[in-house]
Amino acid sequence: MTTTAKGELTRERSWVLHPAVKGEESEGRSPEARLAEAVGLAEAIDLDVLRAECIPVSQIRPSTLFGKGKVETLAEDLTAAEVGLVVVDSALTPIQQRNLERAWKCKVIDRTGLILEIFGDRARTREGRLQVELASLSYQRSRLVRSWTHLERQRGGRGFLGGPGETQIEADRRQIRDRIARLQRELETVTRTRGLHREARRRVPYPVVALVGYTNAGKSTLFNTLTGASVMEADQLFATLDPTMRAIRLKSGRTVILSDTVGFISDLPTMLVAAFRATLEEVTSADVILHVRDVSHPDSDIQKQDVLAVLRELGVEERAPMVEVLNKIDCLDGEGRQRLSAQTERQADMVAVSALTGEGISDVLDAVDKVLDRDRQIIAIDLPLTDGAGLAWIYRHGEVVDRSDDDVSAHLSVGFDPVNLRRFEARFPKSAERSKASQAAAE
């Protein structure tokens, strides 16, 4: 966004260029698909994309990435179109960024800078803002193409799209070093607080169900449909950057915590994966993962692999059970829906839904219940009839499959999933010990 002489905000006139480097195309993803994704990223921060183009690059030039002739041709076109910002959908070195800005006489940002700008604009929680600023300072420290202006600006974002002008580079570097040190100290405090909250949930835990998926797959819309919440939902990339959690009740009567998280994307900068590790901790501790996929997208299968790659890096993929939620079936034609229906019938941990229309939502809840029931354990419990609160707790958190009473006690057979079994053992240690002893004697 830029400001006119009257103080009105206008959208930045921008171009998006994807370097189609020979021999370096992403496996299975066409340059055109990558360009379309880059345009979506640019539009996510309200840039006015006047032109989007794939630029063939036979050999990367260390000084400008593109060939000399192409740089000069683009310079003429950019000047004629009065473009203020060029987004290069690739990683630019500081030298390449500086040289392209000089040649094109406009601002230039690469894919990492664009994603950081989006993250800065979208982050809402204190931890999210700290994580974004730390990542952006680490990125900017290596280049300092423009002055460091994060603390001066009033709008969101990370400052790659504008600033008041150059300042002394050494002064900037010193400011950045000092700010990084302060951020790291603040994040340690925030992380400790977050850890205490997780420990509190473990002491009185509910199963955590985490929504994950490629950005713009429809996670927030699904979250809102399942919970009735009003989380920001939009048909744009990275609409959600901070985890949102709500308790919901399944058909079985059990309560679970549903967590909506930041979307994944291909070639996510390493610094962002590291910076958001704490934000993604809700996924690493989840009991069930709902992998939301946009089945109407032509690159849906490739996006799935991108998400699984990040989950592997987080150590999540093989530990927690996963249900694939094939979203946006309302965008498919009749033949596509038939193929999808046949696929979901063959695979138990796969459901087809439209988070927008609500179709198939009950199947998602049933799938979560089934996953939690897989490791269900039925135990015998003897509880005094006078312990009304205890009996109510058992009915609320377990499934009573049999009960008989005498004058003093209630004798129950109760099915617990692993999470609620741990809760039972913590709340009723003596009853739990008796149950274990009875089970051992029966065996």
What do you reckon, is residue 374 surrounded by fewer than 17 Cβ atoms within 10 Å (Cβ to Cβ), out of contact with any helix residue (DSSP H, G or I) (no Cβ under 7 Å at 6 or more places or on another chain), of a type in the set (Lys, Arg) and without any contact (Cβ under 8 Å) to a residue 40 or more places away in the chain?
no
Is it the case that residue 293 is touching a Lys or Arg at 6+ places or on another chain (Cβ under 9 Å), crowded, with 16+ Cβ neighbours inside 10 Å, modelled with pLDDT of 75 or more and part of a strand (DSSP E or B)?
yes
Among the candidates 102, 111, 141, 153, single out the residue that is over 26 Å from residue 36 (Cα atoms), of a type outside the set (Asp, Glu) and modelled with pLDDT of 85 or more.
102
As an exercise: evaluate residue 103 against (1) surrounded by fewer than 22 Cβ atoms within 10 Å (Cβ to Cβ); (2) under 30 Å from residue 305 (Cβ atoms) and give the number of the one condition it does not meet.
(2)
Filtering the range 12-36 down to residues that are charged (D, E, K, R) and either modelled with pLDDT of 90 or more or closer than 20 Å to residue 100 by Cα (or both) yields 12, 13
Quick one: in the range 217-243, which of the residues that are surrounded by 20 or more Cβ atoms within 10 Å (Cβ to Cβ), touching a strand residue (DSSP E or B) at 6+ places or on another chain (Cβ under 7 Å) and among the polar types (S, T, N, Q) is modelled with the highest pLDDT?
220
Considering residues of the range 77-94 that are of a type in the set (Asp, Glu) and surrounded by 13 or more Cβ atoms within 10 Å (Cβ to Cβ) only, the residue nearest to residue 60 (Cα to Cα):
89
Return a yes/no flag: does the range 366-378 have any residue that is of a type in the set (S, T, N, Q) and assigned to a loop (DSSP other than H, G, I, E, B).
no
From the residues in the range 329-353 that are over 17 Å from residue 298 (Cα atoms) and touching a Ser or Thr at 6+ places or on another chain (Cβ under 9 Å), which one is surrounded by the most Cβ atoms within 10 Å (Cβ to Cβ)?
353
Residue check, residue 407 without any contact (Cβ under 8 Å) to a residue 24 or more places away in the chain and either in a strand (DSSP E or B) or among the aromatic types (Phe, Trp, Tyr) (or both):
no
Of all residues making up the range 81-128, the number that are among the polar types (S, T, N, Q) and either in a helix (DSSP H, G or I) or touching a Ser or Thr at 6+ places or on another chain (Cβ under 6 Å) (or both)
4
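The values are calculated or read from the model by the stated rules, or taken from the named source; none is laboratory data. Keep in mind the model is a prediction, meaning the values are calculated, not measured. As a convention, Cβ positions derive from the backbone with ideal geometry for all residues, glycine included, and neighbour counts pool all protein chains shown.
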